[in-house]
1. Quickly run through segment 294-338 and pick out the residues that are free of Cβ contacts under 8 Å to residues at least 40 places away in the same chain and under 22 Å from Glu20 (Cβ atoms).
2. Step by step: first the residues of segment 131-154, then only those that are farther than 23 Å from Asp97 by Cα and either under 20 Å from the mean Cα position of the chain (by Cα) or among the acidic types (Asp, Glu) (or both), then the one that is farthest from the ligand (Cβ to nearest atom). Which residue is that?
3. Give me the pairs, please: first residue somewhere in segment 232-261 and assigned to a strand (DSSP E or B), second residue anywhere and crowded, with 21+ Cβ neighbours inside 10 Å and basic (Lys, Arg), beta-carbon distance under 9 Å, and either six or more positions apart or on two chains.
4. Which of the numbered conditions does Leu59 fail, given that it passes all the others? Conditions: (1) aliphatic (A, V, I, L, M); (2) more than 11 Å from the ligand (Cβ to nearest atom); (3) without any contact (Cβ under 8 Å) to a residue 60 or more places away in the chain.
5. Being over 16 Å from Val156 (Cα atoms) and among the β-branched types (Val, Ile, Thr) is the filter here; which residues of segment 192-251 pass it?
6. In segment 321-338, is there at least one residue being modelled with pLDDT of 95 or more and part of a loop (DSSP other than H, G, I, E, B)?
7. Could you grab me the full set of residues in segment 29-49 that are touching a helix residue (DSSP H, G or I) at 6+ places or on another chain (Cβ under 9 Å) and either more than 16 Å from the ligand (Cβ to nearest atom) or modelled with pLDDT of 95 or more (or both)?
8. Looking at segment 157-168, which of the residues that are more than 29 Å from Arg266 (Cβ to Cβ) and under 16 Å from the mean Cα position of the chain (by Cα) is surrounded by the most Cβ atoms within 10 Å (Cβ to Cβ)?
Amino acid sequence: MAGGGDPCVAIVGATGAVGELIRQVLVEQQFPMRELRLLASPRSAGKEVRFGGEVLKVLPLDAKHFEGVDLVLSSTPSSISKEWSPIAAKAGAIVVDNSSAWRMDPEVPLVVPEVNPGALANIPKGIVANPNCSTIQMVVALKPLHDLAAIKRIVVSTYQASSGKGAKGLDDLDSQMMAIGREETIPPAKSHIDRLAGNVLAHDWTASDEGYSEEEWKMVKETRKILGDQSILVSPTTVRVPVRVGHSESVHVEFHRPLEVEEAKRALSKAPGVILVDDQGKQIAPTPLQCAGKDEVFVGRVRRDLGVPNGLNMWVVADNLRKGAATNAVQIAQVLVRNGLLKNCRRG
Ligand SMILES: NC(=O)c1ccc[n+]([C@@H]2O[C@H](COP(=O)([O-])OP(=O)(O)OC[C@H]3O[C@@H](n4cnc5c(N)ncnc54)[C@H](OP(=O)(O)O)[C@@H]3O)[C@@H](O)[C@H]2O)c1
């Protein structure tokens, strides 16, 4: 950890799947901090966890631990964020919140640094929302194309990893896979809606309006908010697949203006946070296994949509725990520090 002018940081939900990755990304990025506090539920209080070369004790979530904290990186269930992020903000911190609790609040910026960093200029509630993992990777890939030809409609199908449901989701898949390997009785699902090993689940999220799940509505609403265009039509189908880490997406995008495949590839190859992995001849396209542990969004199979005049199809893969959550949150924090926004945004 660094010097006296650096922020005091708290990770809320430090013991979860995302919280663990936030700790790791902070170390990798050598994020400047004068102090780090790790908070979680009372169940984890006193637990020792690693941070770089140090071992830190987990504190229970309590308002007194926000005293003197400049920046909170929060990744707890929505209900906890709803209650506790305003408490941390009132104590003077800027909160970067990974849950869905604040994303659609008009007074809370919803930010992907490669796409809409300017939204960080105004943080009236002291809370910045980190978007949904599936939305983040899609908008990072689409932003350079939107700038060229203006998106009219997106049809997206996701292939989402078990870790999207946190540590418990991963436990489900791992224990089921282990039982299959040992030819034992497969344990029932505790987190996913049904058995995931050897299966595909199209209903692993809470049902919502018009036959779409909450996850699907997040992709519709968050995409429009981040790209700043309420006219964009989004038609999503979200699906859970038996993959540990890394969400994949089949994205069909229709533009207002024509966009050639080669022009799209040129833009993608130069876009921040995007790695183009596209060699049709060699049948090379990104896979979740290759992308797990990486911070970028990988794009492949860029091709003309055979069904609409101004359409392109592509395959988009990213690590849901990194760019879909921890890395994006830390990148937001880096912009806040770089632009001196932690102190400026304090409410009186
Ligand atoms: N997983 C993903 O790919 C992903 C991507 C984007 C956003 N998100 C969002 O990020 C958040 C965390 O997800 P996750 O996957 O990391 O979940 P997780 O593995 O279940 O971790 C949840 C964390 O919240 C803490 N927590 C739970 N109840 C609490 C309470 N009453 N008081 C204080 N802390 C409490 C847990 O502490 P204990 O360990 O002590 O229970 C744990 O540290 C969720 O809102 C999720 O929707 C997840």
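1. Matches in segment 294-338: Lys294, Glu296.
2. Here the answer is Asp147.
3. Pro236/Lys218; Arg240/Lys165
4. (2)
5. Selection gives Ile193, Val200, Thr206, Ile226, Val243, Val245.
6. Yes: segment 321-338 contains one or more residues that are modelled with pLDDT of 95 or more and part of a loop (DSSP other than H, G, I, E, B).
7. Result: Gln29, Phe31, Pro32, Met33, Leu36, Arg37, Leu38, Leu39, Ala40, Ser41.
8. Per the criteria, the residue is Ser162.
The values are calculated or read from the model by the stated rules, or taken from the named source; none is laboratory data. Note that the structure is predicted; figures quoted are calculated from it, not measured. We place every Cβ from the backbone using ideal geometry, glycine too, and count neighbours over all the protein chains shown.
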